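The values are calculated or read from the model by the stated rules, or taken from the named source; none is laboratory data. The structure displayed is predicted, hence computed values, not measured ones. Heads up, the Cβs are rebuilt from the backbone with ideal geometry, glycines too, and the neighbour counts pull from every protein chain shown. All accessible areas refer to the heavy atoms of the entire protein, side chains included, with ligands and DNA or RNA removed. Shrake-Rupley method; radii C 1.70, N 1.55, O 1.52, S 1.80 Å.
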Amino acid sequence: MNREQMLSQAVSNDQGFDFVIIGGGATGIGIALEAATRGYRTLLLEKHDFTKSTSSKSTKLVHGGVRYLAQGDIALVREACIERGRLLKNAPHLVKNQSFVIPTFGWFDELMYTVGLTFYDLLAGSYSLGRSLRVSKKRALEYIPTIEPKKITAGVVYHDGQFDDSRLAINVLQTATEHGAMVLNYMNVVKLTKNTNGIVDGVVAEDLETGRSYTFHGKAIINATGVFADDVLQMDIPGQAKTISPSQGVHVVLDKSFLPGNHAMMIPKTDDGRVLFAVPWHNRIVVGTTDTPIPNASLEPVALEEEIEFILNTAGRYLTKAPKRSDVLSVFAGLRPLAAPTGESKKTKEISRSHKIIVTQSELFTMVGGKWTTFRRMAEDMVNRVESVKGWEKSKTKTRNLKIHGYTNNVNHSDPLYVYGTDKEKILELARVEPELGETLSQSLGIIKAQVVWAVRNEMARNVEDFLARRTRCLLLDARESMRIAPAVAAIMARELNRDKNWEREQVENYLAIAQNYILS
């Protein structure tokens, strides 16, 4: 994944592409992998960095969706449970089985959740991650010793998946490029091109690093821009009806002491009707999420004060050690690309996460809705739909059992480099060849200099934010610590990218400005 080489190849591709995908979040990345593995010439263009927006700011869960079961959306839950199981098998270095404890109060809670979650397990079939069962109050307190004893009479344990979203995205992109796909970040699609029949046949994209514009032709143009899908639809048909109803979810990150051990906690009833998760992640605890409808999507959404207070207050009711603002290591907001409801208006928490494919008269293909857990199935459906609409010969998916780049079953979650899978040894080899790269940048985050070099050379990291926010998760795990090491990261990247001191200084300034939004004053 070398950007200069990839751009050169894409520009010199005289034949054009079968698929040109706009958007480098979970949806676009999945479609790139699906198309490339079926043998299609594939190009993916992302305006900013891969997973810059929604897809790097999830709750870090690969889950069937317990609340969708409560809403009666059995088909969605079944599909998600199957995809959850496939992800665990295909990327065990990034996806793991996570046990959850639901605190219950009274026999009715115990019966309702035990029965409901047993049905949840049955829907997963052979892809089940473990049996749900009621546990005594004593056992529940052993699993989560910081839970407020007065708040529970017992507990119900169930299993779901937990993952690192941005790391999975990079590994999926690497897998796609290994199958011939070309992927480029910082390429802004500014225009769609059409043939004499009015069918979309290409895009005009501006390279944000150089300002140069390029035209890329494709037989099928895919709009996979998530919460920004309407922007691309407007390029096709100005005045097009709104398809996205964005909702903001906020998470706060706390020290592991708030939830020691390996179990997560799920609070099924909160004031806004959503569930609240407290999930161990990279030796921290991620607590969320809120559900706030917003009128317009933004690239860097900011957590509202009422959302932060809601999370801290709700968590504080159930934990013996109530989290305060000063305990928050980072706070991040992400947008959900929910398909806009038709008919009567609905609360966003009631809008289905099912994905929907829209095909316009000019044959622009747009994917709306969906979630990380089902990204592979969404991609399979999209490529099938393209084949059907275009009248191409039907091909079969190759991704259901495809091992993702970095695949290894030998995972030690206490090792900070475990997320690299088999690439870990290559990073350590960089440090052996050049001992300076073995030096530690952050002890608490487990970051060494070799990771910066690796990210630039092999993962298309182009700036400090790419590295600290997404190639590693420093910004989300401890925003202040990430700000401390930003100058050192900028210096290493400047050497690798042949940038000058002005670039270094601007990078640090830009990063510190962004990171301020992740800190509570």
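None of Ala490, Ala469 is of a type in the set (A, V, I, L, M), under 23 Å from the mean Cα position of the chain (by Cα) and crowded, with 24+ Cβ neighbours inside 10 Å except Ala469. Within the range 466-521, which residues are touching a residue at least 24 places away in the same chain (Cβ under 8 Å), part of a loop (DSSP other than H, G, I, E, B) and more than 23 Å from Asp165 (Cα to Cα)? Result: Leu520, single match. Scanning the range 248-270 for residues that are among the polar types (S, T, N, Q) and in contact with a strand residue (DSSP E or B) (Cβ under 6 Å, 6 or more places away or on another chain), we see that the one that is surrounded by the most Cβ atoms within 10 Å (Cβ to Cβ) is Gln248.
Checking the range 426-437 against the condition returns no match, with no residue being closer than 23 Å to Leu299 by Cα and surrounded by 15 or more Cβ atoms within 10 Å (Cβ to Cβ). Taking the range 495-512 as the range and being loosely packed, with under 14 Cβ neighbours inside 10 Å and among the basic types (Lys, Arg) as the test, the residues that pass are Arg495, Lys501, Arg505. So for the range 18-39 (the condition being within 23 Å of Trp281 (Cα to Cα), open to solvent by less than 30 Å² (accessible area, probe 1.4 Å) and aromatic (Phe, Trp, Tyr)), does at least one residue qualify? Within the range 18-39, not a single residue is within 23 Å of Trp281 (Cα to Cα), open to solvent by less than 30 Å² (accessible area, probe 1.4 Å) and aromatic (Phe, Trp, Tyr). Per the listing Lys269, Lys242, the residue uniquely within 24 Å of Thr366 (Cα to Cα) and among the charged types (D, E, K, R) is Lys242. Considering the range 375-397, and only residues there that are within 14 Å of Ala224 (Cα to Cα) and β-branched (Val, Ile, Thr), the residue that is surrounded by the fewest Cβ atoms within 10 Å (Cβ to Cβ) turns out to be Val386. Note on the range 1-60: among residues that are hydrophobic (A, V, I, L, M, F, W, C) and assigned to a loop (DSSP other than H, G, I, E, B), the one that is nearest to Ala303 (Cα to Cα) is Phe50. Residues of the range 83-112 that are β-branched (Val, Ile, Thr) and farther than 26 Å from Ser247 by Cα: Val101, Thr104. Among the residues here, Leu76 does not qualify as within 29 Å of Lys424 (Cα to Cα), outside any loop (DSSP other than H, G, I, E, B) and among the hydrophobic types (A, V, I, L, M, F, W, C). Of all the numbered requirements in (1) at pLDDT below 95; (2) open to solvent by 30 Å² or more (accessible area, probe 1.4 Å); (3) of a type outside the set (A, V, I, L, M, F, W, C), His282 misses one, and that requirement is (1). Of all residue pairs spaced 6 or more apart or on separate chains, those with beta-carbon atoms under 6 Å, a first member in the range 109-134 that is over 21 Å from Glu79 (Cβ atoms) and a second member that is polar (S, T, N, Q) are Glu110/Thr104; Arg134/Thr114.
Would you mention how many residues in the range 440-491 are at positive phi and either of a type in the set (Val, Ile, Thr) or in contact with a Lys or Arg (Cβ under 9 Å, 6 or more places away or on another chain) (or both)?
1
Only one entry of Lys47, Lys60 meets the criterion of being open to solvent by less than 10 Å² (accessible area, probe 1.4 Å) and basic (Lys, Arg), and that entry is Lys60. The range 150-247 holds strands (runs of 3 or more DSSP E) entirely within its bounds, and those carrying 2 or more residues that are open to solvent by 50 Å² or more (accessible area, probe 1.4 Å) map to 187-194, 213-223. Considering the conditions (1) modelled with pLDDT under 95; (2) surrounded by 14 or more Cβ atoms within 10 Å (Cβ to Cβ); (3) under 30 Å from Ile31 (Cβ atoms), Gly130 is excluded by exactly one of them, (3).
Looking at Phe467 and the list (1) touching a Phe, Trp or Tyr at 6+ places or on another chain (Cβ under 9 Å); (2) within 28 Å of Lys89 (Cα to Cα), which single condition is not satisfied? Against the list (1) touching a Phe, Trp or Tyr at 6+ places or on another chain (Cβ under 9 Å); (2) within 28 Å of Lys89 (Cα to Cα), Phe467 comes up short only on (1). The residue of the range 285-344 that is most open to solvent (accessible area, probe 1.4 Å), among those that are of a type in the set (Asp, Glu) and either in a helix (DSSP H, G or I) or under 15 Å from Leu476 (Cβ atoms) (or both), is Glu306.
Would you pick out the residues in the range 61-73 that are in a helix (DSSP H, G or I) and either modelled with pLDDT of 75 or more or under 21 Å from the mean Cα position of the chain (by Cα) (or both)? Within the range 61-73, Val66, Arg67, Tyr68 meet the criteria.
Report every pair of residues separated by at least 6 positions or lying on different chains whose Cβ atoms are under 8 Å apart, first residue within the range 287-305 and within 15 Å of Thr59 (Cβ to Cβ), second small (Gly, Ala, Ser) and in a loop (DSSP other than H, G, I, E, B). Here the result reads Asp291/Gly273, each pair linking the range 287-305 to a residue that is small (Gly, Ala, Ser) and in a loop (DSSP other than H, G, I, E, B).
Val411: over 19 Å from Thr175 (Cα atoms) and in contact with a strand residue (DSSP E or B) (Cβ under 7 Å, 6 or more places away or on another chain), yes or no? Walk me through how you get there before you give the answer.
Values: over 19 Å from Thr175 (Cα atoms): yes; in contact with a strand residue (DSSP E or B) (Cβ under 7 Å, 6 or more places away or on another chain): no.
It is false that Val411 is over 19 Å from Thr175 (Cα atoms) and in contact with a strand residue (DSSP E or B) (Cβ under 7 Å, 6 or more places away or on another chain).
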